[in-house]
1. What is the distance, in nm, between label points placed 7 Å from the Cα along the Cα-to-Cβ direction at Gln366 and at Ser275?
2. Need one number for the chain: average projected area of the convex hull over its C-alpha atoms, nm².
3. Where does the chain land at 222 nm, in deg cm²/dmol rounded to the nearest 500, when only DSSP H runs of n ≥ 4 count, each adding -39500 (n - 2.57), divided by all residues?
4. Over the chain, with the other protein chains present, what is the accessible area per residue in square angstrom, probe 1.4 angstrom?
5. Just need log10 I(q)/I(0) for the stretch 169-254 at q = 0.13 Å⁻¹, Debye formula, equal scatterers on the alpha-carbon atoms, no solvent, rounded to two decimals.
6. Within the chain, what percent of beta bridges assigned by DSSP are antiparallel, to the nearest 5?
7. Take each of the peptides 142-155, 283-296, average the number of other beta-carbon atoms within 10 Å over its residues, and list them starting from the highest.
8. Hydropathy first: keep DSSP H helices in the chain averaging at least -1.0 on Kyte-Doolittle, then drop any whose Cα extent along the axis falls short of 24 Å, and list what survives.
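The values are calculated or read from the model by the stated rules, or taken from the named source; none is laboratory data. Everything numeric in this text was worked out from a predicted model, so none of it was measured. Glycine also receives a Cβ, built like all others from the backbone with ideal geometry; neighbour counts cover every protein chain displayed. Protein only, heavy atoms only, side chains kept; ligands, DNA and RNA dropped before computing areas. Shrake-Rupley method; radii C 1.70, N 1.55, O 1.52, S 1.80 Å.
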Amino acid sequence: MTGIAIILIACSNTESKEKPTLKEAFKNKFLIGAALNTGEISGKDTAGLRILATHFNSIVAENCMKSEVIHPLEDQFNFTLSDQFVDLGEKQDMFIIGHALIWHSQLSPWFCVDENGENVSADVLKERMKTHINTIVGRYKGRIKGWDVVNEAILEDGSYRKSKFYEILGEEFIPLAFQYAQEADPDAELYYNDYNEWYPGRRETVTRLIRTLKERGIRIDAIGMQGHLGMDSPTLEEYEETILAYNKEGVNVMVTEFDLSILPFPKAGIGADLSANFDYQKELNPYTEGVPASIQEAWNARMLSFFRLFIKHADKISRVTMWGITDQDSWKNDFPVRGRKDYPLLFDRDNQEKPVVQMIINEAKQ
Ligand code: XIL
């Protein structure tokens, strides 16, 4: 090998080692997180784990702490994956988030009903919620730093979702959940998390909820804005308005489940409502062979503009979490239409960083 070739190789090695990373870029701004699936938690997805270690400093459980997984029967908890998830996070010095304690979706079938399928009484449900929260939050006390205590309880028009929790306990189920979580780990941060929060109705009710909790001396540290975005909606201004509104109430804002779908939505305003499910049609899956350059550019620009917004409000935003690491992992490949090929995340199907990553990093430096 010639001297020049050796120098070139040495240079390119140094270059790849020193390529700036997301977590360095956002160091004094906010945490940058990723949701982890079973492949990553079990250690099988080594490529995903390498990206995680390089770019991220926070993790959240994508599925393994949802009640149907972690508490499948009233007298049975399943901590296999959640224990591995927390161990992994500690080994890598990650800020660990638990998701989600009280949620109507992926809810264990026994949780709100008796053996005949009838709703349980208010007292029984309170007891069950308390045991659920105490056991899980208590197990990871001091290790899990923040909890999505209640997820998706409010609708776009500002009314409460008619979930079983609401049917049985009314609005009170939310303060109760926060109170139980606070008792189980007084040092953990507590969050309310939802999607489509740029709808004025939802935003206003969430704002009222923050006030109610505070008035009653129940702690709420942040509001999670899920951020499952499409190419057309929401506008930056709509998203920004909500960041500002929550900030005014004295809580942090977190972008908790960020992904930007490049695919057409079968219907406007679906957000992340898991009950939405549309039949597959070819026209809804246009990029099976790759994304045309002009569309990719539009996606890059929109992704970048949202990060620009987060950077602008870094004093109000404490964390931005991507809902997955690579496009291959993303739930958007199956939601709200099964079997599509979406490209919503920052790393591609070959575990390569997309060009937008360095654009975002440059933006953070300015
Ligand atoms: C999704 C997961 O990503 C999928 O793997 C699962 O099949 C369904 O739930 N809002 C939430 C998340 O709070 O928990 C959901 O995650 C996406 C919408």
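1. With each label placed 7 Å out from Cα toward Cβ, I get 4.4 nm.
2. Values: hull surface 81.2 nm².
Result: 20.3 nm².
3. Numbers: 13 runs with 146 residues, N = 366.
The per-residue figure over the chain is -12000 deg cm²/dmol.
4. 44
5. Here log10 of I(q) over I(0) equals -0.43.
6. Numbers: 4 of 39 bridges.
Within the chain, antiparallel bridges account for around 10 percent of the total.
7. Numbers: 142-155: 22.6, 283-296: 11.9.
So the order, starting with the most tightly packed, is 142-155, 283-296.
8. 122-139, 293-312
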